[in-house]
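A.B. asks: First the structure, which I've put down as structure tokens, then a few questions once you've had a look.
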Amino acid sequence: MKIEFLGTGGAITIPRPLCHCDVCLEARNKGVPFSRMGPSIFVHGPNLLIDTPEDIYHQINRSTISDVKGVIYSHWHPDHVMGRRIIESLSADWIHHPPQNKKIDVYLPEQVDIDFKTFLGSSDHLNFFESQGYANINQLKDGESLFLNNTKIFPFRLAEDYVYAFIIENDNKKVLIATDELNNWKPHKDVIGVDLAILPVGIFEFHPLNGERLLPEDHPVFKEEATFTETLEIVKALNAKHVILTHIEEVNGLSFNEFKELEKKLKSSGINVEFAYDTQLVNV
Ligand SMILES: [Zn+2]
Ligand SMILES: [Zn+2]
């Protein structure tokens, strides 16, 4: 199995338009790995695309992807769905008549299917693709797995129970991918010791290198989002062979080089994690 990080940013990507902070200036001048597009991951083998942020067209163009077999969504939030129109570009045949559309399989875990009917018009949009012959929409009941090219994909709900993470498993490897929203989650036995865990980095309450407070103590975001410190507790409990953290927000104000420094600092305290960068490829 090979995992490709198409985008490692969060809801506000890097560089943020019109922002002149040091992180955004560096990203605008130098590009990858300093810049971060919206959250999306591709799993080679099953050829499965997880989430479609606005930047997904550019992400696929610069990627090593040669075929997309399916698209699965982790939750309804805008930063994970607003590039849905990619399905049309991947599928549509506007030359032949009748058209020979590729028909992309779209997989919606149970709650995602429900939420797509309420939020952002996602369900309407996907139904339009189905009516045009661009997509097949597949609902996955909780507890149901999906099999693509000898790989099992099992979506399960996190503690924020409208959000799904995925266990991706083939003959000899097991990978956990959680794209966002780890708040209050405790790893259960099926994911302990996985070969690779990909997790959202969380919100930085303090600057991880100089300890400076970055957000006020009583900020409401702490009720909804896991902090970086809480994420590290999850990492310890998971005991995975390899951990990569992603979904890195512009508002954290941390540069690529600061994350490299943080990797070293954590390593010296016995925590082995890596921070993802756009276009990163990982063999599992
Ligand atoms: Zn997100
Ligand atoms: Zn900025």
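A.B. asks: Looking for whichever is within 16 Å of ligand 1 (Cβ to nearest atom), among the aliphatic types (A, V, I, L, M) and surrounded by 15 or more Cβ atoms within 10 Å (Cβ to Cβ) here; the options are LEU108, LEU49. Which one fits? Reasoning before the result, please.
C.D. replies: Numbers: LEU108 fails: within 16 Å of ligand 1 (Cβ to nearest atom).
Only one candidate qualifies: LEU49.
A.B. asks: Could I ask something else about it? On the basis of being among the acidic types (Asp, Glu) and either within 25 Å of GLN139 (Cβ to Cβ) or touching a helix residue (DSSP H, G or I) at 6+ places or on another chain (Cβ under 8 Å) (or both), does GLU88 make the cut? Spell out how you get there, then give the answer.
C.D. replies: Numbers: among the acidic types (Asp, Glu): yes; either within 25 Å of GLN139 (Cβ to Cβ) or touching a helix residue (DSSP H, G or I) at 6+ places or on another chain (Cβ under 8 Å) (or both): yes.
In short, yes.
A.B. asks: Additional query: Collect the residues in region 105-144 that are touching a strand residue (DSSP E or B) at 6+ places or on another chain (Cβ under 8 Å) and either hydroxyl-bearing (Ser, Thr, Tyr) or at pLDDT below 95 (or both), keeping them in residue-number order.
C.D. replies: Residues satisfying the conditions are TYR107, TYR134.
A.B. asks: Give me the pairs, please: first residue somewhere in region 229-251 and of a type outside the set (A, V, I, L, M), second residue anywhere and part of a helix (DSSP H, G or I), beta-carbon distance under 9 Å, and either six or more positions apart or on two chains.
C.D. replies: HIS247/ASP79; GLU250/VAL23; GLU250/CYS24; GLU250/ALA27
A.B. asks: Could I ask something else about it? For the subset of region 167-189 comprising residues that are free of Cβ contacts under 8 Å to residues at least 24 places away in the same chain and outside any loop (DSSP other than H, G, I, E, B), which member is farthest from THR8 (Cα to Cα)?
C.D. replies: LYS189
A.B. asks: Spot the failing condition for CYS24; the list is (1) touching a Lys or Arg at 6+ places or on another chain (Cβ under 6 Å); (2) hydrophobic (A, V, I, L, M, F, W, C); (3) within 16 Å of ligand 1 (Cβ to nearest atom), and only one is missed.
C.D. replies: In the conditions (1) touching a Lys or Arg at 6+ places or on another chain (Cβ under 6 Å); (2) hydrophobic (A, V, I, L, M, F, W, C); (3) within 16 Å of ligand 1 (Cβ to nearest atom), CYS24 misses (3) alone.
A.B. asks: Please return the ranges of helices (runs of 4 or more DSSP H) entirely within region 212-284 where 1 or more residues are at pLDDT 95 or above, of a type in the set (A, V, I, L, M) and under 24 Å from PHE42 (Cβ atoms). First the steps, then the outcome.
C.D. replies: Numbers: elements: 221-224, 228-238, 256-268.
Per the criteria, 228-238.
A.B. asks: Go through (1) within 12 Å of ligand 1 (Cβ to nearest atom); (2) closer than 27 Å to ASP105 by Cα for ILE12 and report which single condition fails.
C.D. replies: (2)
A.B. asks: So, of the residues in region 241-277 that are of a type in the set (Asp, Glu) and more than 16 Å from ligand 2 (Cβ to nearest atom), which turns out to be surrounded by the fewest Cβ atoms within 10 Å (Cβ to Cβ)? Working first, answer last.
C.D. replies: The initial filter retains those residues of region 241-277 that are of a type in the set (Asp, Glu), namely 249-250, 258, 261, 263, 274.
Cutting the leftovers down to more than 16 Å from ligand 2 (Cβ to nearest atom) gives us 261, 263, 274.
On the way: GLU261: 14, GLU263: 16, GLU274: 18.
Once the filter is applied, the top-ranked residue is GLU261.
A.B. asks: Could I ask something else about it? All but one of (1) β-branched (Val, Ile, Thr); (2) under 18 Å from LEU281 (Cα atoms); (3) assigned to a loop (DSSP other than H, G, I, E, B) hold for ILE95, so report the exception by its number.
C.D. replies: (2)
A.B. asks: Pull out all pairs, ordered by first then second residue, where Cβ-Cβ is under 8 Å, the residues are six or more apart or on different chains, the first lies in region 9-26 and is closer than 25 Å to LEU199 by Cα, and the second is among the basic types (Lys, Arg) and more than 16 Å from ligand 1 (Cβ to nearest atom).
C.D. replies: PRO15/ARG28
A.B. asks: From the list SER40, SER35, exactly one residue is within 16 Å of ligand 1 (Cβ to nearest atom), among the polar types (S, T, N, Q) and surrounded by 20 or more Cβ atoms within 10 Å (Cβ to Cβ). Which is it?
C.D. replies: Working: SER35 fails: within 16 Å of ligand 1 (Cβ to nearest atom).
Step by step, each of SER40, SER35 is checked, and only SER40 is within 16 Å of ligand 1 (Cβ to nearest atom), among the polar types (S, T, N, Q) and surrounded by 20 or more Cβ atoms within 10 Å (Cβ to Cβ).
A.B. asks: Conditions: (1) within 16 Å of ligand 1 (Cβ to nearest atom); (2) over 18 Å from VAL112 (Cβ atoms); (3) crowded, with 23+ Cβ neighbours inside 10 Å. VAL194 meets all but one. Number of the miss?
C.D. replies: In the conditions (1) within 16 Å of ligand 1 (Cβ to nearest atom); (2) over 18 Å from VAL112 (Cβ atoms); (3) crowded, with 23+ Cβ neighbours inside 10 Å, VAL194 misses (1) alone.
A.B. asks: Could you tell me how many of the residues in region 191-211 are assigned to a strand (DSSP E or B) and touching a His at 6+ places or on another chain (Cβ under 8 Å)?
C.D. replies: Here is the first cut: in region 191-211, the residues assigned to a strand (DSSP E or B) are 196-200, 203, 206.
Still in the running and touching a His at 6+ places or on another chain (Cβ under 8 Å): 196-197, 200.
Of the residues in region 191-211, 3 are assigned to a strand (DSSP E or B) and touching a His at 6+ places or on another chain (Cβ under 8 Å).
A.B. asks: Which ones in region 110-122 are assigned to a helix (DSSP H, G or I) and either within 20 Å of the chain's Cα centre (by Cα) or aliphatic (A, V, I, L, M) (or both)? Let's see the steps before the verdict.
C.D. replies: Looking only at region 110-122, we keep the residues that are assigned to a helix (DSSP H, G or I), and these are 110-118, 122.
Matches in region 110-122: GLU110, GLN111, VAL112, ASP113, ILE114, ASP115, PHE116, SER122.
A.B. asks: To continue, here is another question. Quick check on this structure: which one of TYR162, TYR134 is in contact (Cβ under 8 Å) with a residue 60 or more places away in the chain and either touching a Leu at 6+ places or on another chain (Cβ under 7 Å) or among the hydroxyl-bearing types (Ser, Thr, Tyr) (or both)? Outline the logic, then answer.
C.D. replies: On the way: TYR134 fails: in contact (Cβ under 8 Å) with a residue 60 or more places away in the chain.
None of the other options fit; the residue is TYR162.
The values are calculated or read from the model by the stated rules, or taken from the named source; none is laboratory data. All values derive from a computational prediction rather than experimental measurement. Quick reminder, even Gly has a Cβ in these numbers, built from the backbone with ideal geometry, and neighbours come from all protein chains shown.
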